[in-house]
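Read-outs throughout are calculated quantities, based only on the coordinates presented, and are distinct from any laboratory measurement. These figures come from a predicted structure and were not determined experimentally. Neighbour counts are summed over all protein chains in view; Cβ atoms, including those assigned to glycine, are modelled from backbone coordinates with ideal geometry.
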Amino acid sequence: MSESGARIIPQSNPGCKVKELPAFAVSCGKAVIRVLHVDDDVSMLDISKAMLMDVGAFEVDNACCVDDAFKELATRDYDVIVSDY
């Protein structure tokens, strides 16, 4: 376990470790982590949202461009913003 209490899950790539995020959310005092994902590839938005929602500790909003992202940011707060370059 890490200092935050989240369990570290070993991956096939020895340099990569993934935290069990529901435990991380609880250790941060949050019931859910709010994510804004910005990507112009709609399939990436759909796949990543589905994966995060399966974990169960996330609320995910998608934006397909910067203008849409700014509109979302004007209406609510997010814990994390994920954006492609």
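To make sure I understand, if each residue's beta carbon is the centre and we count other beta carbons within 10 Å, what order do PHE58, PHE70 fall in, fewest to most?
PHE70, PHE58
What ranking of SER83, SER48, SER43 emerges when the number of other C-beta atoms within 10 Å of each C-beta is taken as an exposure proxy, fewest first?
Details: SER83 11, SER48 18, SER43 8.
Ascending number of Cβ neighbours within 10 Å: SER43, SER83, SER48.
Most exposed first by the Cβ proxy, i.e. fewest other Cβ within 10 Å, how do ILE47, ILE81 rank?
ILE47, ILE81
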